[in-house]
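Taking it in order: structure first as C-alpha cells, then the write-up.
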Amino acid sequence: MRGETREAPRIQSIGRAKAILDVLAAANGRHVQLRDIAEATGLLKTTAFNLVTALADTGLVEREPQRGYRLGLHALIYGRVVERQLDVVALIRPHLVQLCAETRETVNLALPCPTDVVIVESLEGGQGLRVSSYAGTRATYHSTACGRALIAHMPPAVRRKILTLGPLAASTPKTCVSVPGIERLLGECRRTGFVSEVEENEPGAACVAAAVRDADGRPVAAVSVAGPLSRMGAKRRDEVGRLLVTRLAEVEREMAARMPGTVT
C-alpha cells in the first residue's frame, strides 16, 4: 500500500500537466492566462501555477509577463520526432505488404517508446489459420520479438534501465523473465540481425523480428512476422529471419536516400 501511495501523486501530477498542455494546445498559439488554465483544468490556481511553472522550466511551456502562457518550442522537438516516425511508417508500409505476400503470415510494424513498444501497423496473412493482428496495441521489450529487435540495438545503459525498471512479466509459462537470459538472446540478435520468441506471448504461436536502424545504428522501428508454431518451426523461423534482414536492409538504404537525418 505504501508503494501505491507514493506512486499515485506522480501519476496525478502527470495527468494534470497533460491537462495544462492540452489547454495550451487548444489555444492554437495564443497565450492563456493562469486563471483560464485553472478554470479549464479544474485545478486550484496555486496548483496550476506550480505545474505550469515546472513545465516552463523544462521548455515545454513559455511565459510572457502580462500575456500568459503558451506551448514552448521544446514541444516542437517532440512533434518533429513523431512526424519523422510517421515518415518512417509511410516508407516501410510497401515493404510490409511485400513481406505479407511472401510469407503469407501476419506482419507487424512496431515503434519504440520509453518503456514499451507500440504496434502501429499489422497485416494479416493469407493463411486460413493465422495469428491475430495487433495494430494499436502495446507490447513489452523483453518478451516480444519486435521489442527484442529494438532493445537489442539500444545503448547498453538504456537497455539495462528498461530491463530493470521492475519485475519482468510472464505472459505464458514459457516467457523468459531472466535478464541474463534475455541479454543472451539480444546478443544473438546483434550477431544474426534477427530474433525470435516461441510461445512466450501466445500459446501455439511464434514470431521473428528484425530492426530498422538509422545511419547511426539506432533502432527506429522493428518488423515482425508471426504465425502458428505448426508453420513457424526452427527452420522456417531462420528462413524468415534472413528474409527480414534482407528486406529491412533495403528499407535502411531507402531511408538514408530519401530521409537523411530521420532521427536526430
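Each value in this text was obtained by applying a stated rule to the coordinates, not by laboratory testing. Note that the coordinates shown come from a computational prediction; the quantities given were computed from them, not determined experimentally. Note that we place each Cβ from the backbone using ideal geometry, even for glycine, and neighbour counts take in every protein chain shown.
Under 26 Å of direct C-alpha separation, and excluding same-chain neighbours fewer than eight residues apart, LYS174 reaches these lysines: LYS161, LYS235. Note on the chain: helix-only mean residue ellipticity at 222 nm, from DSSP H runs of 4+ residues weighted -39500 (n - 2.57) and normalised by residue number, equals -16500 deg cm²/dmol. Comparing LEU34, LEU71, LEU99 in a Gaussian network model of the chain (Cα springs below 10 Å), the most mobile by mean-square fluctuation is LEU34.
The relative contact order of the range 81-258 comes to 22 percent, based on Cα pairs under 8 Å that sit 6 or more residues apart.
Return the ratio Rg/(2.2 N^0.38 Å) for the range 2-72, where Rg is computed over Cα atoms only. Before the final figure, lay out the partial values.
Details: Rg = 12.4 Å, N = 71, 2.2 N^0.38 = 11.1 Å.
For the range 2-72, the normalised Cα radius of gyration is 1.12.
Remark: relative contact order (the range 2-72) = 33 percent; criterion is Cα-Cα distance under 8 angstrom and separation of 6 or more residues. Computed over the chain, the P(r) curve from all C-alpha pair distances, binned at 5 Å from the origin, holds 1, 6, 11, 14, 14, 12, 11, 10, 8, 6, 4, 1, 0, 0 percent per bin. The range 44-62 and the range 151-210 have their alpha-carbon centroids 39 Å apart.
Highest mean first, the peptides 46-53, 175-182 sorted by other C-beta atoms within 10 Å per residue fall in the order 46-53, 175-182. Just check the range 147-207 against the gyration tensor rule for me: Cα atoms, a ≥ b ≥ c as the square roots of the eigenvalues, rounded for a/c under 1.5, and otherwise prolate or oblate depending on whether a/b exceeds b/c. Note, shape of the range 147-207 comes out oblate. For the chain, the Cβ-based charge dipole about the Cα centre amounts to some 380 debye (Lys, Arg positive; Asp, Glu negative; other atoms uncharged).
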